[in-house]
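In what follows, a structure is listed as C-alpha cells, so that the remarks can point back to it.
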Amino acid sequence: AFAGRTGMGAVMGSKNLKAVACRGHLRPRVADPQAVATIARWIRDNTPAANRAMKDYGTASVVMSLNRQGGLPTRNFQMGSFDRASKISGQAMKETIFTRRRGCFACPVQCKREVKVGEPYVVDANYGGPEYETIAALGSNCEIDDLKIIAKGNEMAAAYGLDSISCGNTIAFAMECFERGLLTLKDTGGLDLHFGNGPAMLRLIEQIALRQGLGDLLADGVARAAKKLGPASEEFALHIKGLEIPMHEPRWKRGMGIGYIMSPTGADHCHNMHDSSYVKMYPLMEEMKALGILEPLPVADLSPAKIRLLIYNSLWMHFLNCAVCCYFVMVYGLVGFERMANLVSTVTGWNTSVFELMKVGERAATLGRVFNLREGFTSNDDNMPPRFFTPHTSGSIRQAALNSEEFQKAKQIYYDMMGWPDGVPSTGKLGELGIEWAMPN
C-alpha cells in the first residue's frame, strides 16, 4: 500500500519525512520456536493453494469476475461494468507487460507484479505493477483501457507518494465535472478531460502532485474540490468522511457499504468484509462457523444477521491490522481463527484466545470512534454519497441501488450491536473494553 492512503503521506511530507527505517541485528525471541515453525510450515504449504489466483495474477485477478457481477467501478461509479475490462485484467497483464512475481519477505503468496514498459512510457520496475485498486481507479473508473498508461500512472503515484485510489477517484470526479460542463477547457488549462483520455490522466497526476494548474484544486481530494466548485459538483464527489471510495461497489456489496460508513478512517475496504464471499458455503463462510454464523446470506442483505457478520469480520480485520498481518495470507490463505490465536500464543507465550484477539480489534475500532468524536465527527458523518442510492446506468445490476430507509435501519443496528447509542460508545462498552479513560466528553 502507498503511504498516501488516509493522508499519512501528507503528514510525513509536512514534516519533511521521507521514510522510517529500522534495522535489527538480533534474532527475535519466541516463546515456542518449534510450534511457531510448525504453523509457519502449514502457512507456507497451504496458503498458495488456497489463494492460487492471487499468486498467478495478483489482486488484478478479480477484475473480470467483478465486471461480470456488476461490481467494477466505471465512469466515476456511474456504471458497474466496463466493456473493455478484459484489456486491463490480471490475465491481460500476465500476457503483456508482466515480467515476474515478487512479494514481502518470506511471503507464500507473492502477489506483487513487476512489469516492463518501454514505449510509449518508460515504467520503472521497482515500483511494481498496478494492483486491482489502481487498475480500477486509474482504469475503468476513468474509462481507460490501456494497461501501459495505467502502469505509468501507478509508477507516478508511487513515486509522488499519492494514494492511487483517491487520485483515480479525484480524476474521475474531474472528468465527470468536465463532461457535465462544470469544468471548461479554460479551467483545465486546455486539457481535454473526457473519460477515456489516458494522457490527460497522467498529466493530472503530475499536476496534483505538484499543485500545478487544475491539480491545485484537486490536490486536497474530491470533498474540498467540490466545496470550491460549488453545490452542482458535490453529487459527483464520492467520499465518506473526506476519504474517497475504494474500488468496491456498495450497491452490490451492501454490508461493505455499512462498513464504509462506520470505518474510523473513512471509506475503507480492508477492515471490512466482501459480502460476495458469504453467499454460499465458500471456504470463508465455513470459517465463520467457528464464530456461530452458520448460514450464508444474500449479497444485498442488510438484516441483523448481515450486520453481525460484518462486525465479526471487521473486528477480526482490525486485530490483524494491530498484529501487522496481511489478510491475503491470514484470511484468504484460510489460516483460521484458532491457528492465528495459537500463533500469537506460541510467539508471545501469552495464554490468549480468539475471544481476546477479537476484543483487541473491537478496542481498536472503538478507540478510533472516540478519537473521531473528539475531533468533531458525529453520526451525521456516517453516511453514503447519494449516488449509491440510484441505480447504475448499465451492467448486470443496473436495477440495483441502496435503499435509504433500509440503509439507515442497518446503521442503527450496527450502533446497537457495537454498544454505541446514537453513534457514541457507551460508558458500559468502554468499561467492558478496559478503556473507560477514553470517555468522550
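The average projected area of the stretch 251-441, computed from the convex hull of its Cα atoms over all directions, is 11.4 nm². Computed over the chain, the per-residue total of -39500 (n - 2.57) for DSSP H runs of n ≥ 4 gives a 222 nm mean residue ellipticity of -13000 deg cm²/dmol, rounded to 500. Overall shape of the stretch 197-338 was characterised from the C-alpha gyration tensor. The equivalent ellipsoid obtained from it has semi-axes of 36, 17, 13 Å, in decreasing order. Rg/Rh, computed from the Cα trace of the stretch 303-371 with Rh as the Kirkwood radius, has the value 0.99. Other residues within the sphere of radius under 13 Å centred on the Cβ of Arg68, judged by their own Cβ, net out at -2 (K and R +1, D and E -1).
For the options Met330, Met156, Met12, a Gaussian network treatment of the chain with springs between C-alpha atoms closer than 10 Å singles out Met12 as fluctuating the most. In order along the stretch 226-236, the phi-based Karplus estimate (6.51 cos²θ - 1.76 cosθ + 1.60, θ = phi - 60°) of 3J(HN,Hα) comes to 5, 4, 7, 6, x, x, 4, 8, 5, 5, 9 Hz; Gly and Pro are listed as x. For Val115, nonlocal amide neighbours, meaning residues 5 or more places apart or on other chains whose placed amide H falls under 5 Å from its own, are Thr99, Gly128, Gly129.
Tell me, what is the FRET efficiency for Asn46 and Lys186 to the nearest 0.05, using R0 = 51 angstrom and their Cβ-Cβ distance as r?
Numbers: r = 59 Å, r/R0 = 1.15.
That pair, Asn46 with Lys186, gives E of 0.30.
At full extension, Lys15 and Lys112 could sit 32.0 nm farther apart than now, given 0.36 nm per residue minus the alpha carbon distance.
The calculated FRET efficiency for Ala323 paired with Thr393, based on their beta-carbon distance and R0 = 35 Å, is about 0.25. Of Tyr121, Tyr160, Tyr414, the residue with the greatest mean-square motion in the GNM of the chain, using alpha carbon springs below 10 Å, is Tyr121.
The charge dipole of the chain, taken about its Cα centre with unit charges on the Cβ of Lys, Arg, Asp and Glu (plus for the first two, minus for the last two), comes to roughly 980 debye.
Subtract the Cα-Cα distance of Ala232 and Ser404 from 0.36 nm times their separation in residues, and report this length gain in nm to one decimal. Please report the intermediate quantities before stating the final value.
Numbers: separation 172, 0.36 × 172 = 61.92 nm, distance 2.14 nm.
So the chain would gain 59.8 nm between Ala232 and Ser404.
Between Thr352 and Arg27, what FRET efficiency comes out of the Förster formula 1/(1 + (r/R0)^6) with R0 = 25 Å and r the beta carbon distance, rounded to 0.05? The calculated FRET efficiency here is 0.65. Note on the stretch 19-64: the alpha carbon radius of gyration divided by the globular reference 2.2 N^0.38 Å gives 1.74.
Assuming 0.36 nm per residue, please report the length gained on full extension of the stretch Asn380 to Thr427 beyond their Cα-Cα distance.
My answer for the length gained is 14.8 nm.
Residues in the stretch 99-110 carry Karplus couplings, in order, of 10, 7, 9, 9, x, 5, 3, 6, 6, x, 8, 6 Hz; the curve used is 6.51 cos²θ - 1.76 cosθ + 1.60 with θ = phi - 60°, and Gly or Pro positions show x.
Scaled to the globular estimate 2.2 N^0.38 Å, the Cα spread of the chain, given as radius of gyration, is 0.98. Note that the stretch 73-87 has calculated 3J(HN,Hα) couplings of x, 9, 6, 6, 6, 6, 10, x, 9, 10, 5, 10, 4, 4, 7 Hz, one per residue in order, obtained from phi through the Karplus relation 6.51 cos²θ - 1.76 cosθ + 1.60 (θ = phi - 60°); glycine and proline are x. All C-alpha pair distances within the stretch 219-265, sorted into 5 Å bins from zero, spread as 5, 21, 26, 21, 16, 10, 1 percent across the bins.
Once C-alpha pairs closer than 8 Å and six or more residues apart are averaged by separation and normalised to the residue number of the chain, the relative contact order reads 16 percent.
Each 10 Å bin, from zero up to the one with the longest distance, holds this percent of the alpha carbon pairs of the stretch 50-147: 17, 48, 29, 6, 0.
Build a GNM of the chain with springs between Cα atoms under 10 Å apart, and of Cys22, Cys142, Cys107 the one that fluctuates most is Cys22. When Rg and Dmax are taken over the Cα atoms of the stretch 165-224, they come to 10.0, 27 Å. Here the relative contact order of the stretch 251-441, from alpha carbon pairs under 8 Å that lie six or more residues apart, stands at 23 percent. Note on the stretch 57-237: Cα convex hull, mean projected area over all directions, 10.1 nm². Just so you know, the averaged projected area of the alpha carbon convex hull for the stretch 183-273 sits at 6.8 nm².
Each reported figure results from applying straightforward, stated rules to the coordinates on display, with no laboratory input. On a predicted model such as this, the values are computed, not experimentally measured, just so you know. Glycine gets a Cβ as well: all are built from the backbone with ideal geometry, and neighbour counts include every protein chain shown.
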